[in-house]
1. Work out how much length Ser156 to Asp84 would gain on full extension: take 0.36 nm times their residue separation and subtract the Cα-Cα distance, in nm to one decimal.
2. Taking a ≥ b ≥ c as the square roots of the Cα gyration tensor eigenvalues, with a/c under 1.5 meaning rounded and otherwise prolate when a/b beats b/c, else oblate, which class fits the stretch 49-183?
3. First select every other residue whose beta carbon is under 15 angstrom from the beta carbon of Gly86; then total the charges, Lys and Arg +1, Asp and Glu -1.
4. Say R0 is 45 Å: what FRET efficiency, to the nearest 0.05, do Ser103 and Asp51 get from their beta-carbon distance?
5. Can you figure out the FRET efficiency of Ile26 with Ser125, using R₀ = 30 Å and their beta-carbon distance, to the nearest 0.05?
6. Please say if the stretch 110-155 is rounded, prolate or oblate, where rounded means a/c under 1.5 for a ≥ b ≥ c the square roots of the C-alpha gyration tensor eigenvalues, and otherwise the choice is prolate for a/b larger than b/c and oblate otherwise?
Amino acid sequence: MVFRTVKDRSRCPRRVVRGSGGFTLIELLTVLVIGAILAATAAPAMSSLGDSRAAVAARRLAGDLIFARQWAVATGTGTWVVFDTGAERWSVLVEDPASPGRSGAAAMIDPATGQAITVTLGAGSFAAVDLVSASFDGGLEVGFDWLGRPLNSAESSLTATGTVTLSGGHQVQVVAGTGHIVDG
């Protein structure tokens, strides 16, 4: 029998050891700690999402009221913003110049989209936002005459500041006399 010594180990066949393919305890704990940190930082951001949506809805409402007022002044045609608290929405209407007054008002078309200006809360980008209340001298609508003055549902000057309240306490007000819109 002849024995040879191998001086070059690179030529020796190596035995490959295959592991079980599992994770070590340290790897599992590391993943759990990272997951816990991510969950702890994401929770406050998720809880403020509803309030952020309500703030955006309040800014949208203020923008629609400002647009309605400016349209009335620019065109000399009365405009109305009508609130439906049961359906959680508001619509912007414009009077027919041939038949002025609230009764002849129809949906205003947004020049940018070609769609009626109607905003519905509680769905889509305004999910979890509620239209809590709207009051303009006891009514649910506010109009603007050709001078931008606010009107109540009886088509007379608004006697007190009108307020719309959305969820989270977000309010938009229409100041009596001037028609200025306050988003607060």
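1. 23.9 nm
2. prolate
3. Result for the neighbourhood of Gly86: -3.
4. Here the calculated transfer efficiency is 0.70.
5. 0.10
6. The shape class here is oblate.
Bear in mind that the values in this text are calculations on the coordinates, not laboratory data. Given the structure is predicted, the values throughout are model-derived calculations rather than measurements. So basically every Cβ, Gly included, is an ideal-geometry build from the backbone, and we count neighbours across all protein chains shown.
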